[in-house]
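Reading through the structure tokens given below for one structure.
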2 protein chains.
Amino acid sequence: MRIVEWRELTVPLEGAVRNAVVSFADHTVSLVAAVSDQRRNGRPVVGFGFNSIGRFGQAGILRERLFPRLRQADPDDLLGEDGGFDPAAVAAVAMAGEKPGGHGDRASAVAAVELAVWDLVAKLGDEPAYVTVARAAGRPVTGGPVPVYAAGGYYDADGGGDGGTARLRAELDGYRAMGFDAFKIKVGGAPLDDDLARIEAALEVAGDGSRLAVDANGRFDLERAQAYGRAIAPYGLRWYEEPGDPLDYALNRALADTYAGPIATGENLFSAIDAENLVRFGGLRPGIDVVQVDPGLSYGVTEYRRLLGRLEAHGFDRASCHPHGGHLINLHLVVGLGLGGCEAYPGVFRPFGGYAPTCELGGGTVRPSQAPGFGLEEKPELVPHLAAMTGDLT
Amino acid sequence: MRIVEWRELTVPLEGAVRNAVVSFADHTVSLVAAVSDQRRNGRPVVGFGFNSIGRFGQAGILRERLFPRLRQADPDDLLGEDGGFDPAAVAAVAMAGEKPGGHGDRASAVAAVELAVWDLVAKLGDEPAYVTVARAAGRPVTGGPVPVYAAGGYYDADGGGDGGTARLRAELDGYRAMGFDAFKIKVGGAPLDDDLARIEAALEVAGDGSRLAVDANGRFDLERAQAYGRAIAPYGLRWYEEPGDPLDYALNRALADTYAGPIATGENLFSAIDAENLVRFGGLRPGIDVVQVDPGLSYGVTEYRRLLGRLEAHGFDRASCHPHGGHLINLHLVVGLGLGGCEAYPGVFRPFGGYAPTCELGGGTVRPSQAPGFGLEEKPELVPHLAAMTGDLT
């Protein structure tokens, strides 16, 4: 059993939106294909993965470092004891010769590779990826559904922050019509009073603070983080996301000492040791706070399972994990690993963001289909990209 | 005043050596050229920078993200208040649209760009870069010399660890003949007893523990880090470098509680906030421990000055900073910023490692030449690469 070819395609994300810190107009994603020598229906079986959404494609690291190592490896080094492809072994080969530390772009490049192997293994077993992932992790196999909320409420790329609360309500009303009953909006890109008006407008749709989260995208210093904390505390929001620099554990701890509600963070931490530092030094509270590390940006499922082990050793329940990145891959991982839930970006991050029409979405939950692997082939806007990568294979 | 072109050349490092964790056989460096519209002697003035040594070139991030932003920017956004090129402004433009966190490969790509601008500014001022850097930092301008030690004592790429202590002594004797009087060798790639034999062989050349450091390259868990600590404590070594994972602050703190001698770490931390976390949570001791963050891997001089400010706020003296990366750029930064000293890798990391023949090396110190900029043009093995990047310019 061999992976005979590794391919990468850099795909731009659609939708010019911005959060408190960055515009996504130039963001890209690396779609990776692991082409096997196994055949089904007269075609090679191909595993697809991508490095989540919200940062950048990694063509350079994939083509210059990871793919050469994978191509030069003894093919048996990519196999597990059962003789099948082993995502952990593939990730280890991809990382050969890399130094410790520096978990940034590299982490998402490795993730795209590792996730492509999970897709491949699931397809070879003719089962959805959540089944493969659950079995490998020794978890009960359930098919969901899992909670999902709609993330949006961006400031417009052309400025915004002008108090467009009617537009915000309309946006969230649209998500409600799609079957969502919980929402997340951005804060920190406008003055506090404007943001409070936006929150109150969003609460008119959400109905209750427990159905609305706010996301500052790491913008605040401690003083401003605490000022926002004091201002939003009365709303009893679902969570207050990434108030400060993701690595500023001291800030997070100081905020957790004064803000009683849940704090969510971690989408910009890309390794198990960074997440453990957040717990050790960042004041993260078991049973209250939410960990949003995204497997697709942080070396994939193998590293994410390490992270879960460390969190559980510190008293956290995996239900407190809500990975960043609302897309099919993370849906399968949330279901397979028994995590707390998913996000969704109905309006943005196409073609990767969102789920497939075959997924059941409604009542505030989402359930994956029975397609083999992550089922990317069932998402119409992804199909042309998948075809472009593999159309020449016979 | 305009930067009219940005170029990148990926250059392989020579020398197949390994430390406790990785082989350097496949390592590369990105050489960056900032081509200005200013002319001297009938030729455009070009600033050169590179992303230090020991990790990888960053052609992908430079060509896909940083260079496009720099090319599309308003040229005035790259200038300071004095109308000259401003390295901090250039770094900010290069980082536009990047999210917080994830300080890995990106940090070294930005460093290569930022450092090229320092070289350019110094050349336009017709002065060595240490003068430009010192003036910008409000530091007294001295020309050195600064302490330097020879780093080597690698395990052979083909295995080693066989107790080749005679070869190790001969290697260090060679460094002594070059003018070095302090040394660093690797540990952790062989069993403890073999490493102790290597340390004792090295001490025969070094003469005293204060002239010998050992480097574990982040290999150890806490138990092994402490076992090595207990075993080497009697030698009174100069420092015990990177015992554990660079981000495992809890490990570093536990070791600092039991190992009384200096611990050196930070070469695999790539931002000011990571270094501050090391101080806040890693038990780093002012007046004892050594910080090795490498500006060429961590966003350049602008971020490094931020880091110095944070260290000094925690009671550290900048003399406790010994940047990783023994090469001309870091020599100028150590002199210009008043840091503790430099390292040198006489045997490896060509063509970037080591100094130029015009630098004064001897008596355990090194002093930069008076060449404009970082003086890369005075390092013969770099000349062909510089020429390959700019030979077409007229």
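The values are calculated or read from the model by the stated rules, or taken from the named source; none is laboratory data. Because the structure is a prediction, the values reported are computed rather than measured. With ideal geometry, Cβ positions are generated from the backbone for all residues, glycine too; neighbour counts draw on all protein chains shown.
Okay, residues lined up against (1) out of contact with any Phe, Trp or Tyr (no Cβ under 6 Å at 6 or more places or on another chain); (2) more than 23 Å from A:Leu339 (Cα to Cα); (3) not aliphatic (A, V, I, L, M):
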{"residue": "A:Ala122", "(1), (2), (3)": "yes, no, no"}
{"residue": "A:Arg135", "(1), (2), (3)": "yes, no, yes"}
{"residue": "A:Gly153", "(1), (2), (3)": "yes, yes, yes"}
{"residue": "A:Ala182", "(1), (2), (3)": "no, no, no"}
For A:Ser320, the lone unmet condition from (1) of a type in the set (Gly, Ala, Ser); (2) more than 18 Å from B:Asn277 (Cβ to Cβ); (3) free of Cβ contacts under 8 Å to residues at least 60 places away in the same chain; (4) out of contact with any Gly (no Cβ under 7 Å at 6 or more places or on another chain) is (4)
Residues in the stretch A:330-345 that are surrounded by fewer than 20 Cβ atoms within 10 Å (Cβ to Cβ) and either closer than 21 Å to A:Leu31 by Cα or among the aliphatic types (A, V, I, L, M) (or both) total 0
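Take B:Ala112 and tell me if it is in contact with a helix residue (DSSP H, G or I) (Cβ under 9 Å, 6 or more places away or on another chain), in a helix (DSSP H, G or I) and either more than 14 Å from every other protein chain (Cβ to nearest Cβ) or modelled with pLDDT under 95 (or both).
Values: in contact with a helix residue (DSSP H, G or I) (Cβ under 9 Å, 6 or more places away or on another chain): yes; in a helix (DSSP H, G or I): yes; either more than 14 Å from every other protein chain (Cβ to nearest Cβ) or modelled with pLDDT under 95 (or both): no.
Against the criterion (in contact with a helix residue (DSSP H, G or I) (Cβ under 9 Å, 6 or more places away or on another chain), in a helix (DSSP H, G or I) and either more than 14 Å from every other protein chain (Cβ to nearest Cβ) or modelled with pLDDT under 95 (or both)), B:Ala112 does not qualify.
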Here, helices (runs of 4 or more DSSP H) confined to the stretch A:204-290 with at least 1 residues that are among the acidic types (Asp, Glu), buried (at least 21 other Cβ atoms within 10 Å of the Cβ) and in contact (Cβ under 8 Å) with a residue 40 or more places away in the chain are A:272-281
By residue number, the members of the stretch B:224-248 that are away from every other protein chain (no Cβ under 13 Å) and in contact with a Phe, Trp or Tyr (Cβ under 6 Å, 6 or more places away or on another chain) are B:Gly229
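Give the residues of the stretch B:353-381 that are of a type in the set (Ser, Thr, Tyr) and under 18 Å from B:Val11 (Cα atoms), sorted by residue number.
The first filter runs over the stretch B:353-381 and keeps only residues of a type in the set (Ser, Thr, Tyr), leaving B:355, B:358, B:365, B:369.
Result: B:Tyr355, single match.
Within the stretch A:310-341, count every residue that is in a loop (DSSP other than H, G, I, E, B) and within 10 Å of the chain's Cα centre (by Cα).
Pass one, the stretch A:310-341, residues in a loop (DSSP other than H, G, I, E, B): A:314-317, A:322-326, A:338-341.
Narrowing further to those that are within 10 Å of the chain's Cα centre (by Cα): A:322-326.
Here the count works out to 5.
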Note on B:Gly189: of the conditions (1) without any contact (Cβ under 8 Å) to a residue 60 or more places away in the chain; (2) farther than 23 Å from B:Arg306 by Cα, unmet is (1)
Scanning the stretch B:81-120 for residues that are crowded, with 24+ Cβ neighbours inside 10 Å and among the aliphatic types (A, V, I, L, M) gives B:Val90, B:Ala94, B:Ala107, B:Ala109, B:Val110, B:Ala111, B:Ala112, B:Val113, B:Leu115, B:Ala116, B:Val117, B:Leu120
Of the residues in the stretch B:351-363, those that are surrounded by fewer than 18 Cβ atoms within 10 Å (Cβ to Cβ) and out of contact with any Lys or Arg (no Cβ under 7 Å at 6 or more places or on another chain) come to B:Pro357, B:Thr358, B:Gly362, B:Gly363
Expected output for the stretch A:378-394 (first residue hydroxyl-bearing (Ser, Thr, Tyr), partner in a loop (DSSP other than H, G, I, E, B), Cβ below 9 Å, 6+ apart or cross-chain) is A:Thr394/A:Gly42
Check: Taking the condition touching an Asp or Glu at 6+ places or on another chain (Cβ under 8 Å) and either in contact (Cβ under 8 Å) with a residue 60 or more places away in the chain or assigned to a loop (DSSP other than H, G, I, E, B) (or both), does B:Pro346 pass?
Finding: no
Residue count, the stretch A:213-223, condition within 17 Å of A:Leu247 (Cα to Cα) and away from chain B (no Cβ under 14 Å), comes to 1
Log entry, pairs with first residue in the stretch B:81-106 being more than 14 Å from chain A (Cβ to nearest Cβ), second being assigned to a loop (DSSP other than H, G, I, E, B) and not charged (D, E, K, R), beta carbons closer than 7 Å, six or more apart or on different chains, reads B:Gly83/B:Met1; B:Gly84/B:Met1; B:Phe85/B:Met1; B:Asp86/B:Gly80; B:Pro87/B:Gly300; B:Ala89/B:Gly80; B:Ala91/B:Tyr299; B:Ala91/B:Gly300
Per the list (1) surrounded by 24 or more Cβ atoms within 10 Å (Cβ to Cβ); (2) away from chain A (no Cβ under 14 Å), residue check on B:Gly125 breaks on (1)
Here the residues within the stretch B:359-370 that are over 20 Å from B:His322 (Cβ atoms) and over 20 Å from the mean Cα position of the chain (by Cα) are B:Gln370
Looking at the stretch B:32-48, can you tell me whether even one residue there is within 8 Å of another protein chain (Cβ to nearest Cβ) and modelled with pLDDT under 95? no
- Kindly check whether there is at least one residue in the stretch B:292-299 that is more than 14 Å from chain A (Cβ to nearest Cβ), modelled with pLDDT of 95 or more and either under 30 Å from B:Thr28 (Cβ atoms) or over 17 Å from the mean Cα position of the chain (by Cα) (or both). yes
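Checking the conditions here, which among A:Arg65, A:Arg39 is basic (Lys, Arg) and part of a strand (DSSP E or B)?
Details: A:Arg65 fails: part of a strand (DSSP E or B).
Only one candidate qualifies: A:Arg39.
Just to be sure, is B:Asp26 at pLDDT below 95 and of a type in the set (Asp, Glu)?
Numbers: at pLDDT below 95: yes; of a type in the set (Asp, Glu): yes.
Yes; evaluated as a whole, the condition is true for this residue.
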Note on the stretch B:57-80: residues within 10 Å of chain A (Cβ to nearest Cβ) and surrounded by 24 or more Cβ atoms within 10 Å (Cβ to Cβ) are B:Gly57, B:Gln58, B:Gly60, B:Ile61, B:Leu62, B:Arg65
